[in-house]
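Here's the structure, in structure tokens; my notes come after.
The values are calculated or read from the model by the stated rules, or taken from the named source; none is laboratory data. This structure is a prediction, so every number in the text was calculated from the model and none was measured. We place every Cβ from the backbone using ideal geometry, glycine too, and count neighbours over all the protein chains shown. The area values use the complete protein model at the heavy-atom level, side chains included, leaving out ligands, DNA and RNA. Shrake-Rupley method; radii C 1.70, N 1.55, O 1.52, S 1.80 Å.
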Amino acid sequence: RRSRDVHSVSMSAGKKISIVKVPFRGGQPLEGVDLAPDRIINAGLISNLETLGWNAVVHEVKTKDDDDDKVDASKDGGGILKRPRFVGRSGKELHDKSVDVLAGDGPSLSLFLGGDHSIAVGSITAMLHKYPDLCVLWVAAQPDLNIESSTLSGNIHGMTVAILSNVGQTSLPGFEWIEGKARLDTDRLAYFGLRHCDKFELDTIQKKNITAFSMSSLEHHGVRHCVEAALAKFGDRPLYLSFDINALDPGFAASVGTSLLGGLTLNKAKYLVECVARTGRLVGMDMVEFNPSIGDPRSVENSTHCAIELIQAACGKFLPF
């Protein structure tokens, strides 16, 4: 155990990590996901990262809810979407704050603690501002690739990648600010751990030839092979991990809003993150969709532990052999 810690410190000593708390739940209907950032930090994240040699600076972006934000698009003739203006405004506030944090030399690594996965509109758009050729590894049970005409729920967290990559849609209400910003080319996107796709999402992945590894692919080919295939496609460009904790099997992380059996074990998930971290090109990470209000105390504790373990793997906590 000490050898792991010594190795980790040698990789990250003196580096700065920017931790942005984003206690936001507007992209989905369940209460509690906004409690996750404080839960993770209060469980010892900062001290753990400092032990690894990181200098942590914590920021927070908390969007105030107002009356206009409570209107679903369907109520004013805009379709099925749930509170798009609130989600869009929150994304802009996160983008603007993060661009400031990233200015100049900025941190060696940026960590965004959600919150639901819709926060990635703000975090990744800000990262694209600094790294226009950014490549994203999206680790989740679902691809979040629906558009306004295909979503069955209207929840924006299931549309995040479509918004980031401008797949098949014009600007949504509240997201006008993203026009003119750098967008995520689907050639610089890879999915890992998918277990469910809606028809439009599956058709889009196949039509655009998006790199995607379902759980079946990861089991058949192995995590290392799949990650190396994506990294070979990305070349030497900067990397970003957007990690929905529901990528894990609920036997490891049950405190999530959308729980599907057959996910990653914690060890395989950590290895996936480690493979990315070992490149030395990882510049940022989302940790999202952990909901401390779901499950019994043991489930919440286990889910918190998983989130911290994955973040530490991204920060270099692994053996040199």
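Pop a pseudo-label 7 angstrom from the Cα along the beta-carbon direction at both Asp96 and Leu319 and give the gap in nm to one decimal.
4.9 nm
When averaged across all projection directions, what area in nm² does the alpha-carbon convex hull of the chain cover? Display every interim value, and only then the final one.
Numbers: hull surface 60.7 nm².
Hull-based average projected area comes out at 15.2 nm².
Mind listing the phi-derived Karplus ³J(HN,Hα) values for segment 116-129, rounded to whole Hz, using 6.51, -1.76 and 1.60 with θ = phi - 60°, and x for any glycine or proline?
3J(HN,Hα) across segment 116-129, in whole Hz: 7, 6, 5, 5, 5, 4, x, 5, 6, 4, 5, 5, 5, 4.
Please give the contour-minus-distance gain from Ala229 to Ser108: 0.36 nm per residue of separation, less the Cα-Cα distance, rounded to one decimal in nm.
41.1 nm
From the Cα gyration tensor of segment 103-258, with a ≥ b ≥ c the square roots of its eigenvalues, which class applies: rounded if a/c is under 1.5, or else prolate if a/b is larger than b/c, or else oblate?
rounded
Let me check against my output: what whole-number percent is the relative contact order of the chain, with C-alpha pairs under 8 Å and at least 6 apart?
Reported as a whole number, the value is 22 percent.
Please compute the length gained on full extension between Lys64 and Glu50, using 0.36 nm multiplied by the number of residues separating them and subtracting their Cα-Cα distance. Don't skip to the end; give the middle numbers.
Numbers: separation 14, 0.36 × 14 = 5.04 nm, distance 3.14 nm.
Length gained, Lys64 through Glu50: 1.9 nm.
Would you grab the residues whose amide H sits under 5 Å from the one on Cys135? Only those 5+ places off in sequence or on another chain, please, with H modelled 1.01 Å from N.
Counting only residues 5 or more places away or on other chains, the set is Leu239, Tyr240.
Which value, in Å to one decimal place, does the Kirkwood hydrodynamic radius take for segment 118-209 when every pair of different Cα atoms is included?
Evaluated over segment 118-209, this radius sits at 13.3 Å.
Scan the chain and hand back the longest stretch that contains none of the GluC sites (Glu not before Pro) lying in DSSP loops with at most 15 other Cβ atoms within 10 Å.
On the way: sites that count: Glu31, Glu179.
Longest stretch, sites excluded: 32-178.
Taking amide H atoms as placed 1.01 Å from N in the peptide plane, list the residues 5 or more away in sequence, or in a different chain, whose amide H sits under 5 Å from that of Leu248.
Leu264
In nm, give the distance between the simple-model label positions of Gln206 and Val57, each being 7 Å from the Cα along the Cα-to-Cβ direction.
Result for the modelled spin labels: 4.8 nm.
Starting from segment 95-203, pick out the chymotrypsin sites (Phe, Trp or Tyr not before Pro) whose DSSP state is loop and whose Cβ has at most 12 other Cβ atoms within 10 Å.
In loop regions of segment 95-203 (DSSP not H, G, I, E or B), there are no sparsely surrounded chymotrypsin sites (Phe, Trp or Tyr not before Pro).
Apply the Karplus parameterisation 6.51 cos²θ - 1.76 cosθ + 1.60, with θ equal to phi minus 60°, to every residue of segment 286-302 and state each ³J(HN,Hα) to the nearest whole Hz, in sequence, with x for glycine and proline.
9, 10, 9, 6, 6, 10, x, 8, 9, x, 7, x, 5, 4, 5, 4, 5
Taking the 0 to 90 degree range and rounding to the nearest ten, how far is the long axis of helix 266-277 tilted relative to the main principal axis of the chain, both from C-alpha atoms?
Result, in degrees: 90.
Could you work out the Kirkwood radius for segment 144-197, taking every pair of different alpha carbons, averaging 1/r and inverting it, reported in Å?
Computed over segment 144-197, the radius equals 12.0 Å.
Quick one: what do you get for segment 219-291 if you divide its Cα Rg by 2.2 N^0.38 Å?
Compactness ratio reported: 1.16.
Helix 84-102 sits at what angle to the longest principal axis of the chain, using alpha carbons and giving 0 to 90 degrees rounded to 10?
40 degrees
Of Lys208/Lys317; Lys21/Lys208; Lys130/Lys268; Lys92/Lys130; Lys208/Lys268; Lys97/Lys199, which sit over 24 Å apart, Cα to Cα? Spell out each step's value before the answer.
Working: Lys208/Lys317 35 Å; Lys21/Lys208 33 Å; Lys130/Lys268 30 Å; Lys92/Lys130 16 Å; Lys208/Lys268 28 Å; Lys97/Lys199 36 Å.
Beyond 24 Å between Cα atoms: Lys208/Lys317; Lys21/Lys208; Lys130/Lys268; Lys208/Lys268; Lys97/Lys199.
Percent of accessible area on the chain owned by carbon and sulfur, 1.4 Å probe?
Working: 6400 of 13100 Å².
Its accessible area is 49 percent carbon and sulfur atoms.
Could you compute the net charge surrounding Leu152? Neighbours are other residues with a C-beta less than 12 Å from the C-beta of Leu152; K and R count +1, D and E count -1.
It works out to a net charge of -1.
Say each of Lys15 and Ser171 gets a label point 7 Å from the Cα, pointing the same way as Cα to Cβ; how far apart are those two points in nm?
3.7 nm
How much accessible area per residue does the chain have, counting only protein heavy atoms and a probe of 1.4 Å, in square angstrom?
41 Å²
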